[in-house]
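In what follows, a single structure is set out as structure tokens and then discussed.
The values are calculated or read from the model by the stated rules, or taken from the named source; none is laboratory data. This one's a predicted model, so the numbers in the text were calculated from it and none came from an experiment. We place every Cβ from the backbone using ideal geometry, glycine too, and count neighbours over all the protein chains shown. For accessibility, only protein heavy atoms count, side chains too; no ligands or nucleic acids. Shrake-Rupley method; radii C 1.70, N 1.55, O 1.52, S 1.80 Å.
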Amino acid sequence: ELTGKECELMYNPIEIDIPKVEKYNDGKLHLISATRLTKEKGLARMQKLAKMLDNSGIDYEWVVYTNRHRQMIGKNVIYKEPKLNILEEITKADYLVQLSDCEAYCYTVIESLMVGTPVIVTDLPVFKELGVIHNKNAIVCDLDMKQVDLHLIKEKLLKTAYKPPISDWSKYLSTNKT
């Protein structure tokens, strides 16, 4: 309003090298998260999902990269220290889990889809905007975790080929080095 200029949505640019690694092939369900393990990042939902998996008898391993206090999530959860690049680990996993209260342009989810690993996420408007679609490249859970498709999770039926939204940054950034 102050400038009189039109506002425009510009998505963050993202480019990754896709690791050449194979998915785990040991019969287990492999989940991965990289998160702060706080309330707004879905700690209680993570605990609910782990309990559902435990109660259903699904054989799983869930690796959580965090530098926060490690609270009990589930019996098959393994904690690891964060590191800068976990793309190989994401590529090998069956799903990346991000059960946040809110997100903006969630790099972890975008990177996961770009390497072909579907995601388990909460039903947030931004994920619809970014092309995260239930039963295609994601399992979208309601915020109260009452509608979780454990069959779809267990059977690992989702495959994904994903391209993130792209914005034309060239109209705002100069290629001149002067």
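Amide H contacts of Asp101: Lys41, Gly42, each under 5 Å away and 5 or more positions distant or on a separate chain (H built 1.01 Å from N in the peptide plane; Pro and chain starts excluded).
In terms of accessible area, using a 1.4 Å probe and ignoring ligands and nucleic acids, His134, His30 rank largest first as His134, His30. Using the Karplus relation 6.51 cos²θ - 1.76 cosθ + 1.60 with θ = phi - 60°, the per-residue 3J(HN,Hα) values for region 26-33 come to 10, x, 7, 8, 10, 10, 9, 9 Hz, with x marking Gly and Pro. Calculated FRET efficiency, Lys136 to Lys177, Cβ-Cβ distance, R0 = 30 Å: about 0.10 to the nearest 0.05. Given [x] 31, 18, 16; [y] 27, 18, 15; [z] 58, 13, 11 as candidate values of semi-axes √(5λ) of the Cα gyration tensor in Å, which corresponds to the one derived from the coordinates? Structure-derived value, by its label: [x]. Amide H contacts for Tyr60 (H built 1.01 Å from N in the peptide plane; partners 5 or more residues away or on another chain; cut-off under 5 Å): Leu29. Phi angles across region 159-168 convert, under the Karplus curve 6.51 cos²θ - 1.76 cosθ + 1.60 with θ = phi - 60°, into 3J(HN,Hα) values of 10, 9, 10, 10, 10, x, x, 10, 10, 8 Hz, Gly and Pro given as x. Rolling a 1.4 Å probe over the protein chains gives Arg68 an accessible area of about 110 Å². Computed over region 1-147, relative contact order equals 24 percent, with contacts defined as Cα pairs under 8 Å that lie 6+ residues apart.
Computed from backbone phi with θ = phi - 60° and the Karplus coefficients 6.51, -1.76 and 1.60, the 3J(HN,Hα) list for region 114-127 is 5, 8, x, 9, x, 10, 10, 9, 7, 7, 10, x, 4, 5 Hz; x is used for glycine and proline. Note on region 33-157: dipole from Cβ charges, positive end direction compared against Asn67, Gly131, Ser100; the farthest Cα belongs to Asn67.
Averaged per residue, the chain has 61 square angstrom of accessible surface, using a 1.4 angstrom probe with ligands and nucleic acids left out. Its residue count N sets the reference 2.2 N^0.38 Å, and the alpha-carbon radius of gyration of region 27-125 equals 0.99 times that reference.
To the nearest ten degrees, helix 43-56 and the longest principal axis of the Cα atoms of the chain are 40 degrees apart. Amide H to amide H, with H built 1.01 Å from N, Cys141 comes under 5 Å of Val121, Thr122, Asp123, counting only residues 5 or more places away or on other chains. Between Lys28 and Lys80, the modelled labels are 1.2 nm apart [label points 7 Å from Cα along Cα→Cβ]. Contact order, relative form, for region 56-107: 28 percent (alpha carbon pairs under 8 Å, 6 or more residues apart, mean separation divided by residue count).
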